[in-house]
1. Once phi is turned into θ = phi - 60°, what whole-Hz ³J(HN,Hα) does the Karplus curve with 6.51, -1.76 and 1.60 give for every residue of region D:200-210, x standing for Gly and Pro?
2. What shape does chain D have by the C-alpha gyration tensor, where a ≥ b ≥ c are the square roots of the eigenvalues, rounded means a/c under 1.5, and otherwise prolate means a/b greater than b/c and oblate the rest?
3. How large is the helix-only mean residue ellipticity at 222 nm for chain C, computed as the sum of -39500 (n - 2.57) over DSSP H runs with n ≥ 4, divided by its residue count, in deg cm²/dmol to the nearest 500?
4. Can you classify region D:147-321 as rounded, prolate or oblate using the Cα gyration tensor, where a ≥ b ≥ c are the square roots of its eigenvalues, rounded means a/c under 1.5, and otherwise it's prolate if a/b beats b/c and oblate if not?
5. How shielded is A:28-38 by partner chains, expressed as the average number of their Cβ atoms within 10 Å of its Cβ atoms?
6. When you look at the Cβ of every residue in D:298-311, what mean number of other chain Cβ atoms sits within 10 Å?
7. Amide H to amide H, which residues 5 or more places from A:His27 or on other chains are under 5 Å from it, using H placed in the peptide plane?
8. If the elastic network links every pair of Cα atoms under 10 Å, which of D:Leu19, D:Leu305, D:Leu279 fluctuates the most in the Gaussian network model of chain D?
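All of the numbers you see were taken from the coordinates with simple rules; none came from a lab. Source: prediction; values computed, not measured. We place every Cβ from the backbone using ideal geometry, glycine too, and count neighbours over all the protein chains shown.
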Amino acid sequence: MSIAHFYALVGVGLISLGLYALIVHAHLLRKILAINVMGSGIFLLLVALAKRTGTALPDPVPHAMVITGIVVAVSATALALTLMLKLSAQTGCAELPDDEKE
Amino acid sequence: MQTFYLALALFLLLTLGAGMWRVLRGPTAADRMLAAQLFGTTAVAVLLLLAQASGNAALRDVALVFALLAAVTAVAFVQRAWPKQKQEQEQPQETERDVD
Amino acid sequence: MTLIDYLTVVLLLAGAIFFFAGTVGLLRFPDVYTRLHALTKADNVGLGLMVVALAIQAESWAAVGKLLLIWLLVMLAGASVAHLVARGALRRGIRPWKQ
Amino acid sequence: METVMVAWMFDSLLGLGLLWLAWQSLACSDLFKAIVLFIAFGLLMALAWVRLEAPDVALAEAAIGAGLTGALLMVALAQLQSIETNGDAAVATVKKGHCIRPLQWLLLIALSLMATGLGYVIISFPAHVPGLSTAVATHLEASGVSNPVTAVLLNFRGYDTLLELVVLLLALLGVWSLGGTVPQQTTTPAPLVLEALTRLLVPMLILTAAYLLWVGAHAPGGAFQAGSVLAAAGVLLLLIGRHPRAALMALPLRLILVLGPATFVAMAVVTMLIEGALLKFPPEHAGKLILLLETTAMLSIGATLAALFLGGRRHTDKEHS
């Protein structure tokens, strides 16, 4: 196993953790954190696999994609946080309503 | 020399892990924030060591950006996110427990 | 290893000891104010020693300047944050620890 | 080889630390603790990028993870708590942190199957694949810059970057269209030390942004990193209560916001008419054109991110304008 494979596996771990927390947690702030962890996992996977060029220089194309991805992720987080605040200002709590029990 | 730099970076990473205990334990928000501040400085040191070990001078720019932005999160905490009323009631008890 | 290398090793190890002391202080001191003291002082000296150690290895004067700039910025941020946290804690009625 | 072994120890500690921090951040009960752990997670991610020889990505992560994400989450949590304490207590009695119990085991099984499958695929990947690195390397001469990542971002896949700028703008439009969420609590007047710190840091941040933009042509750096650093300067000013005047918020801000995408679109149209292909720069002018595009993109990215931090326009702003 090379370093690239190791970090790629860590990326898979982060994706699974994030996905699990995203589904299980009811609080929206926690869901936003979970999506961010998932995103980081995907970025880690992309950049780790880009390292397998066999030369000193990794593949620059995934790097470019991840850089824009990081900036887009933070703006999406800002939008999600605003949505969460709007929802909690109107309903009084930052969790999605439980349709089953109502 | 390269091994030495890396070993030192590893050591700093270990102290960072030990400091994580303070984030988990607290007790106040300020304590957690202080630990995060220490992580920032440690990360700067690790980056400088890695820059020296790999001979990649660009990593010093990463350390520079870290050093510049080290204060931003802490300022956000002090100015906005530090709870005002709740802490005042809890905190004296917390200190007294520590004194005992 | 040249003399400069030995000097670097000594300075780096001294810096690492200060980092270690900072972490121990963060974990062991009783309240926010004492932890501030441990963290900022030890941390800035630790990073300072490491910066000096790496500066004598640096390839150009520009690199030395950049290293010193990083150190100054970290010290500036550390000192300001320490002051702000201590001030905020006092205003929120957190009493300093007394033996 | 000792070096390899120490490097492996470093990498495994870093990887396990990342997983542990993510887990703790998502599982712990206190939301503030979760945010601090997430900030620490961002710091370790920057170290991971460095280990993977992606200094460009590390720069972006350092600027965003250390500055913007932390500040955004902190302020959002503060506003959330002020809503919860001020709001109707009867409405807020929905049980905290309830989980979907019956399906949890099924979910756990499904996710571990997914993780195993992905892991198996990754292990079976060949250890050496050139990818697109050789293609980029052979055309690097014609791109006008010598940093391959910048070449990919601004030249080879310029249309991607154009659309990314539009996405940023759309996120801001979304935030604005939601309007003011909470009457933001008035920031306490900044202490003297904070004032002095900001006065020292903001010029340094602007200078660093310019440096990163310039150095991006031949070394790690570029518009996205520089824009994030610029946004951090804006965030710092907003945090100490220096809100821009309403006159600046109206037209000038909007002009800066669209400057980057507009320049990109104009460039795309011109290259389409002259060269016959979208964003195909003539090699002799490519360097200058990329610098122009990057400068406008940096300004727009910085302004957009700072505006995102400011959030929806508050009611008072609407009344005045």
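1. 7, 6, 4, x, 4, 5, 5, 4, 5, 4, 4
2. Since a/c reaches 1.5 but b/c is at least a/b, the shape of chain D is classed as oblate.
3. Result for chain C, helices only: -29000 deg cm²/dmol.
4. Cα axes put region D:147-321 in the oblate bin.
5. 5
6. Values: counts 0, 0, 0, 2, 0, 0, 3, 4, 0, 1, 8, 3, 1, 4.
Other-chain Cβ atoms within 10 Å of each residue's Cβ, averaged: 2.
7. D:Gly97
8. D:Leu19
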